[in-house]
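Enquirer: The following block contains the structure, expressed as structure tokens.
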Amino acid sequence: MSDMNGQRTGDPAALPNATPGAAPGAAAPEGAVPPSGPSQDLVRLLQDFTLEANHYVDAAGGANDMHRTDLNALAVIMRHSAAGLVVTPGVLRSELRLSSPATTALVDRLHASGHVVRERLGTDRRQVQLQMTPKAYQDGSAIFMPLAMRMGKAMASYTAEELELVSRFMADMVEATIEARRQATHQEPK
């Protein structure tokens, strides 16, 4: 944790048997190996990166009258479309963990802002597919290009081998996070 001046203060994750991101004093799940030493420092850096990335998305999206959920929705549509998959409101609802009314409001917002179009699919024309518009790609580029440029500049001093190692590490961290989310989703409420 940091105080108001950004200085590190007592960190609950540093407590024995604590899990990073858990409530202060919370014990690690049975069989879990809490990170320590350099591993704990890496977990803290990943937490810091996540927090700063969220701050960037909020600031850049806000400057373009877009909420984080709108940007996340466009990222889902882009990822699925690039894989040749159909994107429906149901896909957004599932991926973003939204209620049906919230999904409808999100799609309405993205359509009204000119970022997506709805297309009817199939012979019965009931299924709606969402497609990003050129405006969505332009706005997305304007929002994320400054971040991409700064990240590219920061990566320029690393060798190809170092970047390959970091890429493997980040892929493993993404998978670990997905597994933790799945476990948390399927836990019984206490």
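Enquirer: Looking at the stretch 171-190, which of the residues that are assigned to a helix (DSSP H, G or I) and basic (Lys, Arg) is farthest from Ala63 (Cα to Cα)?
Expert: Arg182
Enquirer: Mind checking which residues of the stretch 52-103 are open to solvent by 30 Å² or more (accessible area, probe 1.4 Å), touching a helix residue (DSSP H, G or I) at 6+ places or on another chain (Cβ under 7 Å) and small (Gly, Ala, Ser)?
Expert: Ser100
Enquirer: Just give me the residues in the stretch 165-188 being open to solvent by 70 Å² or more (accessible area, probe 1.4 Å) and small (Gly, Ala, Ser), in sequence order.
Expert: Selection gives Ser167 alone.
Enquirer: Which condition number does Arg168 fail, the rest of (1) at pLDDT 95 or above; (2) within 23 Å of Val57 (Cβ to Cβ); (3) of a type in the set (Lys, Arg) being met?
Expert: (2)
Enquirer: Mind checking which residues of the stretch 105-153 are farther than 18 Å from Arg68 by Cβ and of a type in the set (Val, Ile, Thr)?
Expert: Val117, Thr123, Val128, Thr133
Enquirer: Specify the residue that is surrounded by the fewest Cβ atoms within 10 Å (Cβ to Cβ); the eligible residues are those in the stretch 126-148 that are assigned to a strand (DSSP E or B) and touching a helix residue (DSSP H, G or I) at 6+ places or on another chain (Cβ under 8 Å).
Expert: The extreme case among them is Gln131.
The values are calculated or read from the model by the stated rules, or taken from the named source; none is laboratory data. Here the structure is a predicted model, which means the values were calculated and not measured. Neighbour counts run over all protein chains shown; Cβ positions are idealised from the backbone, glycine included. The accessibility values were calculated without ligands, DNA or RNA, using every heavy atom of the protein model including side chains. Shrake-Rupley method; radii C 1.70, N 1.55, O 1.52, S 1.80 Å.
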